[in-house]
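So the structure is just underneath, and the comments pick up after that.
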Amino acid sequence: MAAGLIVTAVAVGPTSASASPPAHSFGLSASVAGAVSHGSTSLPVVSKERTALVTARQAEVRKAAALELARARAAARRAAAQRAAAQAAANQAPASQAASQPPVPSGSPQQIAIAMLPSFGWSTSQFSCLNPLWARESGWNPYASNPTSGAYGIPQALPGSKMASAGADWQTNPATQIKWGLGYIQATYGSPCAAWAHETTYGWY
C-alpha cells in the first residue's frame, strides 16, 4: 500500500464575524432585548387604563369650562336686563312725577290764592283775611315794588329773590309768588287771619 497523506477533518462551527452576540449580554431587559433582537425600535405603549383616565379627565375639564361659560353668559343677560329695567324706570320717572304734582291753578291772582289755600291746610274762609292783607301790601300786583325797602311782588317778599325757592319765574308769575307767600304765612303766623291780625296791629307782617 502506497504511503499517503492522512487528512483529519475537524468540524468547526460558524465563525462569521458578523454574527451578533445575544442582546442580554449587554445588560438589556428581556422585553427590550427581545425588541432589539427582532429589529423593533418602538417604545412601550401606554396602558389602556391610563388612556381612559386621561380621556375622562379631559372630558371633565371641558364640561367645567362649558358650565363656567354658561354661568358667565347668564350673568351677562341678568345684568343687561337690570340695566334695561333701570333705564325704563328712569324714563318713566319724570312722567310719574309730573302726574303726581297737582296742576297749577289759573285765573286771577285772587282765584289762584283761593285754589291754593286747601293745599296748605286752610279752608277757603281764610281768604277773607288774605284778601285785605295782600290788597294793602301790593294791591295783588305781581310787579309791585317798594321803593324804600325793596320788597317785591304780591306778598311783598323782602328781598324779592327769596321767592326763587318757589320757582325761577318768581319775578313775573303770580302763582309762584302766591305759593311762596302762603308758605311764609304758614311758617311765620300759622294762618292768613293771624297774619292779618299782625298787619292791622303793627302795619306790617
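Here, each number is a calculation from the coordinates, and none is a lab measurement. Given the structure is predicted, the values throughout are model-derived calculations rather than measurements. As a convention, Cβ positions derive from the backbone with ideal geometry for all residues, glycine included, and neighbour counts pool all protein chains shown.
Overall dimensions of the range 104-152, expressed as equivalent-ellipsoid semi-axes from the Cα gyration tensor (√(5λ), whole Å, largest first), are 22, 12, 9.
Pulled fully out, how much extra length does the chain show between Ala75 and Thr148, if you take 0.36 nm times their separation in residues and subtract their Cα-Cα distance?
Full extension of this stretch gives 19.4 nm more.
Maximal additional length on extending the Gln82-Glu49 stretch stands at 6.9 nm, based on 0.36 nm per residue less the C-alpha distance.
Just rank Leu158, Leu130, Leu117, Leu67, fewest to most, by other beta-carbon atoms within 10 angstrom.
Details: Leu158 14, Leu130 26, Leu117 19, Leu67 10.
By the 10 Å Cβ count, ascending, the order reads Leu67, Leu158, Leu117, Leu130.
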